[in-house]
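What follows is one structure encoded as structure tokens, with my remarks underneath.
Coordinate-derived values only; no laboratory data. In this text the structure is predicted, and so the values were computed from the model without any measurement. Here the Cβ positions follow ideal geometry from the backbone for every residue, glycine too, while neighbour counts run over all protein chains shown.
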Amino acid sequence: MNRRKKDMMKELRKIFMFENKKFIMLLLMIAALMLSGCNQDTPALEENNEEPLQSVNSEAKGLAEDLLKRSDWQVESLGFEDTTVNRLAITAKGVLYAQVEGDIYEIQSKEQAVSISEGKEITAFHIVELEEDNEAIIVAGGSNGEIYTYSTAEKSWQKAETDTFEAPISIISSSTAGDIYVGQSSTLGGGLWKSQDRGKTWSKISDLTVRGITVHPKEADVIYIVDKLAYLSTDGGNSFIKINTVANYGVLVHPIQSDAVYHAFSIGVETTDIEGNISSYLRFYLEGSMTKLQLNPIDVNEWLMGFWDFPSGRGGLYYSGNHGTLWSQIGGDLKDKLVLDIAYSNDASVAFVATRDNGIWAVNLSALRNN
Amino acid sequence: MKRHRMILIIVLIVLVGIGIYYGARVHFKEKLEADKPIVGEDIQEPQDPEEIRIGVDNYSNWHEVQNHNSIGEANAYAEKRLEKSYNVYLNRVFVDIGYDWDGIVFLPIRSIGEGLNWRIIWIPDKQMIQVVKGDEEAFVDVVNFFGKAYVSLDILAHVLNLDSIAIEDGKIHISEGDIKEWQQGIGEIKGSSFYIDDMKMTDAAYKLDEDIYIPSKIFAMSFGRIYRYNAEEGFITIDGNRVEAILIDGIPYSQLAHLEEIIDTADHSFSYDAMGNKGKKVEVVYKGPDKKRIALTFDDYIDAEVLPLLDVLDAHDVKGSFFIIGNTIDVNKDILEEIYNRGHIIANHTWDHLNNHSIPEDEFRGQLISTQLVIKKHLGIVPKYYRPPGGYYNSKMLKIARDIGLKTVMWSLNSNDASFDSKPAHITEQVLKNLSNGSIIVMHTKRKSTIEALPEIIKKARQQGYEFVGIDALIP
């Protein structure tokens, strides 16, 4: 064996006996590069395993407070699997109410959901907080035009006398001054009814058919209604004028920053001032149509939206932290669930989401924001 | 010593590199095999294997596998989403098909609204429809499904003030206003096939008392004419002219003689028999033979914006193949002639660019025949090739295209120029990276990025030895 061969053998021995540290480092670097190249997957929103921060707001109450005792979750089912949940509302005490296929359920905690509707066929409901009594009343509409009220303190129902049509009640809303409005839109007819005594008596104030009602949070006499077109009243519903917008999906006004009025339609919102003058138009570039839009009650820049492409059967819940400009889909088990309603907890730390055929879900917004 | 060490390091790096290369090849080959679509399952090809020819067994690269799989998946998904369907009858007359999506029944608003004399105005920016009748108006959020607007049954009933809706046995019966009586087809009825210029127009023509009756709508559609059903008055019109019609199984039929009074058919031949299909093979082609010949294909509308594209092709002496949507050909006949006279292939991309999964069979025939006839009117030739809009097809569509004399031509290489943010560099990279023998490349007619990308694509492809040909040179 000549000298050159001997040297080579020596080098090989060094390598395989791990004597040459530089070379081993080189191999390790190649291996590391290969591994980093293989792993191209970007973690999805729901797959982030970082420890989410606790809600910065300590005011979470009731169900939200209960859920936030744990911090290791982002999206969680609250039950009613395989069931359609149409509508959600939450009281100041943090109790969630859900309209589930004609019943109203009271949900105190994840384990405790009780039907309170006593066999009534409910098509719409709304919670009216009574600050002086530290309780709430639930105003509910029935499938044959009935209007009921439920006291959360007394846990009992009252039926009101009305002249509504024998058809489903479409929508119920209320003003901060305590006026309650019921809207109806059916093939038999419709209208707008108003109660100023906590739902005991009702009077019809408009013959316009009504599918959506929004009362301005700071101007109790300013009411927006939508049906085939959108209308505005500045006198508590006694008279209405047509708003110059094609958006008739629903009207949203932020409770704090209430100068802008958002008129939703299937793929965006038109913004008007309080008097209905259009100031801007925003289109969401997603495939499909909006199924629900909700504003964070303490941050006007944060919106949640249900979006669904019916022909393809895809969509779900979307989040925007920049006033609807950009949207991210909230993944996990909520992906491809058709969202029908969204309710924020009082401190906006948790969102409750009603879905078609897939029950109710909670979204840990505190954790989501940290991502 | 140092030199020896360096030699050894280089040798080992080379060995590692060779290992990675072969590993990747094995991995790719395995993936290719694993992901190869199973013809007959993925895209629901015709059942009879003797009857079909599909160029999918000669994949050359990963893109082609993905391309074919994604088309297969999209088609299977579309079929699934359209599984729950309803024939919709308005005042006893069949008008269209509705679908149950996620528990909500959706109906096409245009056919029903127009039947009840509502003006249906599409607002593209907002993807809404405005409906207007007299003093009444409303804006309707619609669900778009390949150019056709659907709205939920509930909303439709509300917006159009429909009197009654009954759902039974896969049918939806809508009644509104006074329902007029139609003369019903009676006597011995025998359904048969009816052909125009040897293209099968319908399988449901009838002979009644020695008169041939054709479904009025399909006849009008095949000539690209405007058919209207006035449900309030109970009659039909073609190009605004009222046509005498009788109702058979909820479908208005008119005598061929009456139809010929409205539509000039002098340049066409008709035949009538009970033969069904003519036994030719069903053709669906994804790519050409394994030779250094490739085809550029351009889909969709034509107008003056196509001229710069033609100039680029001319400048490089390339023959393209244009799959053209029929409904704007009449107003752009000069452009059609220009494309043809410059030596490009003219092919059929249906009349309205709908997803043809979702429309009735006879209407699909109308979509193809009307495009054939308008091209024949202006050029004197009948296209041999058809491409389904969006790549959506099923076995029924393949057979219908066959009955009309059309081969279904897909693509093996998607240039991705249809993406709204597609830049020339992306298109160039996408095409050059995935080229292979026999590639059929899909592009679109009115895209500036495509026009800018083409010179580089043509130059580099030729440097690699490829020859650009029309699809007629790839498909026998």
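Descriptive notes on the structure:
- Treating r as the C-beta distance of residue A:298 and residue B:233 and R0 as 51 Å, the FRET efficiency rounds to 0.30.
- Projecting label points 7 angstrom from Cα along Cα→Cβ for residue A:93 and residue A:59 puts them 1.9 nm apart.
- Two-site label geometry, residue B:376 and residue B:74: point separation in nm, points 7 Å out along Cα→Cβ: 3.0 nm
- Each principal axis of the Cα atoms in the range B:125-253 has its own extent, and those three values, largest first, are 49, 32, 32 angstrom.
- Amide N proximity, the range A:165-182 versus residue A:220 label position 7 Å along Cα-to-Cβ, cut-off under 20 Å: A:172-182
- Backbone N under 18 Å from the residue B:207 label point (7 Å along Cα→Cβ), restricted to the range B:224-254: B:254
- Between residue B:92 and B:174, the built amide H atoms are under 5 Å apart, and every one of these is 5 or more places off in sequence or on another chain.
- Neighbouring Cβ atoms from other chains, within 10 Å of the Cβ of residues in B:130-141, number 3 on average.
- With θ taken as phi - 60° and the Karplus curve 6.51 cos²θ - 1.76 cosθ + 1.60 applied, the whole-hertz 3J(HN,Hα) list for the range A:320-325 is 10, x, 10, 6, x, 6 Hz, x standing for glycine and proline.
- Over all other residues within a Cβ to Cβ distance under 12 Å of residue B:439, the charged ones net out to +2, with Lys and Arg as +1 and Asp and Glu as -1.
- Only Lys, Arg (+1) and Asp, Glu (-1) charged, at Cβ; chain B dipole about Cα centre in debye: 3080 debye
- Loop sites in the range A:62-91: trypsin sites (Lys or Arg not before Pro), DSSP, at most 12 other Cβ within 10 Å: A:69, A:70
- Here the spin labels are modelled as points 7 Å beyond Cα on the Cα-Cβ line, and at residue B:164 and residue A:371 they lie 5.2 nm apart.
- Förster radius 25 Å - calculated FRET efficiency between residue B:171 and residue B:192 (Cβ-Cβ, nearest 0.05): 0.50
- Computed lengthening from residue B:292 to residue B:273, 0.36 nm per intervening residue step minus Cα-Cα distance: 2.4 nm
- Net lengthening on full extension, residue A:156/residue A:112 (0.36 nm per residue, minus Cα-Cα): 13.9 nm
- The H on the amide N of residue B:410, modeled in the peptide plane, is under 5 Å from the matching H of B:285, B:286, each at least 5 residues off or on a different chain.
- Computed from the Cβ-Cβ distance with R0 of 35 Å, the FRET efficiency linking residue B:456 to residue B:330 stands at 0.50.
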